[in-house]
Every structure is written in C-alpha cells, then in structure tokens.
Amino acid sequence: MTKDEKVQFVINTLNEIYPEIPIPLDHKDAYTLLIAVLLSAQCTDVRVNQITPLLFAKADNPYDMVKLSVEEIREIIKPCGLSPMKSKGIHGLSQILIEKHGGKVPQSFEHLEALPAVGHKTASVVMSQAFGVPAFPVDTHIHRLMYRWNLTNGKNVQQTEKDAKRIFPEALWNDLHLQIIWYGREYSPARGWNLEKDIITKTIGRKSVLDEYFKNK
C-alpha cells in the first residue's frame, strides 16, 4: 500500500466506524468548552464530565466565575488533578476575557494561547470544536496512533501535528482528530491492546511496532 492509500484507508475506516462523532467533553458554548479542555489536562474526559456540572452550576460564564475565589474553584475541581494551577488559570483567564474580550472567548489562536493555563492543544480544541476553524489538536492517543500507523516518526507532539496536517486534507482535520481519539480509546489503547480488534494498525502498522507486539504475546 502506498502512503496515500494508507491515508485513504485510515480516513475510510474511521468514517465507517464513526459516521456520527460524539464530542468527548460536555459543554454548551465556547467558554464552557475552554474550561472543560483546560480541566482535561492529565485527567480523563469521563472525570471532567462529572466535575464540570458542579462547577458550571455555580459559574458557567466569566462574570460569575470571577465572583468565586480561586480556593472555591479549586475545591470543586480537585478530583481533576493539578487543581492549584487549573483553578488559578480558570479565575485568571475569566478576568482577562472580561477585561480584554468583552466576556467572550476570542476566535484566534494568538489570543487564546495568551490566556493563563491555555496551551496550543487547548487553543486548537476550542478553535476546532467551538468555532469550526480547521485545527489538529494532538493528544496522547493521536500521538500514539500516528506512530503505530507509521505516519509520523513519533519524535514529539509538535512533529506529529505537523505530519497530520500535511497528510490529511484540511477539510477533514476537525472530524479526524476526534475520530482518531475515539479509535485509540476503543481499539488501539496504550495498555491492554488487542491487535485483532485494531484493523487499522493490523493493516498498515509500523513493522517494528507489530514485531514488538507479537514478541510480547
């Protein structure tokens, strides 16, 4: 299979498995998505979706959020981990949204990445899912799968993002990054991986990854 055929195989397979793509983090607008994505750092989406309703019941917009103290925010979000940094980030970015952006989440990478506790990946998710701007946020699942599928050298997430944007059509980025995340969780996890169920890696996987898999069977 040529590289182009492999890429097409990935796209076709993911579309067959996920014709409808669920959004992993529950939210109702750009602000609640931004907060949910920020909370998801080193925390499962399932846990985030348990915690955000508690937080959003008290504050689901920047104006109400700044009325809470950093300590109050921290108490609610503690189960998500990294709560000292995240609570400061949530309070701080809410303040900046009010002061500089009229209480609205800005629709630009530059302004998003200037907010406290917001990195490139968080900004990419918000731009993609809230505003429909083509982006390819790379998380651990995408990083792992792109390497397993021999579509990147796995050096770092920055390289993986570059490679994904180069090989996949821009119009598909927003769907594909979500489809790959779901596929990684369901069929190609880091632990407890069953290659028989992982049709994509089984078909186009990197030889060294497949050799390693069978060696450890």
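Summing Lys, Arg as +1 and Asp, Glu as -1, what charge do residues with Cβ under 13 Å from the Cβ of Tyr31 carry, Tyr31 excluded?
Numbers: positive: Lys28, Lys104; negative: Asp29, Asp60, Asp64.
Once all neighbours under 13 Å are counted, the net charge is -1.
Which one of Trp173, Phe109, Ala190 is farthest out on the positive end of the charge dipole of the chain, using unit charges on Cβ (Lys, Arg +1; Asp, Glu -1) and the Cα centre as origin?
Value computed over the given set: Ala190.
Can you pull the one-decimal nm distance between simple spin-label points at Trp182 and Asp211, each 7 Å off the Cα toward Cβ?
Rounded to a tenth, the inter-label distance reads 3.5 nm.
If Rh is defined by the Kirkwood formula over all Cα pairs and Rg also comes from Cα, what ratio Rg/Rh do you get for the stretch 30-131?
0.92
Under a Cβ-Cβ cut-off of 12 Å, what is the net charge of the residues other than Arg144 that fall near it, where Lys and Arg count +1 and Asp and Glu count -1?
On the way: positive: Arg148, Arg185, Arg191, Arg206; negative: Asp139, Asp198.
Counting the neighbours of Arg144, the net charge comes to +2.
Placing +1 at every Lys and Arg Cβ and -1 at every Asp and Glu Cβ, with all other atoms neutral, what dipole size does the chain have around its Cα centre, in debye to the nearest 20?
I would put it at about 700 debye.
Please give the peptides 135-141, 95-101 ranked by average Cβ packing (other Cβ atoms within 10 Å per residue), highest first, as a rough proxy for protection.
Details: 135-141: 20.4, 95-101: 15.4.
Result, highest mean Cβ count within 10 Å first: 135-141, 95-101.
Which order do the peptides 29-39, 111-121 take when ranked by the mean count of other beta-carbon atoms within 10 Å per residue, highest first?
29-39, 111-121
Rounded to the nearest 0.05, what FRET efficiency do Gln8 and Gln50 have when you use their Cβ-Cβ distance and R0 = 41 Å?
0.60
Would you mind calculating the relative contact order of the chain from Cα pairs under 8 angstrom and at least 6 residues apart, reporting the percent as a whole number? Let's see the in-between values first.
Details: 247 pairs, mean separation 39.3, N = 217.
The normalised contact order for the chain reaches 18 percent.
Here, each number is a calculation from the coordinates, and none is a lab measurement. Since we're looking at a predicted model, the values are computed, not measured. Every residue, glycine as well, gets a Cβ built from its backbone with ideal geometry; the counts of neighbours run over all protein chains shown.
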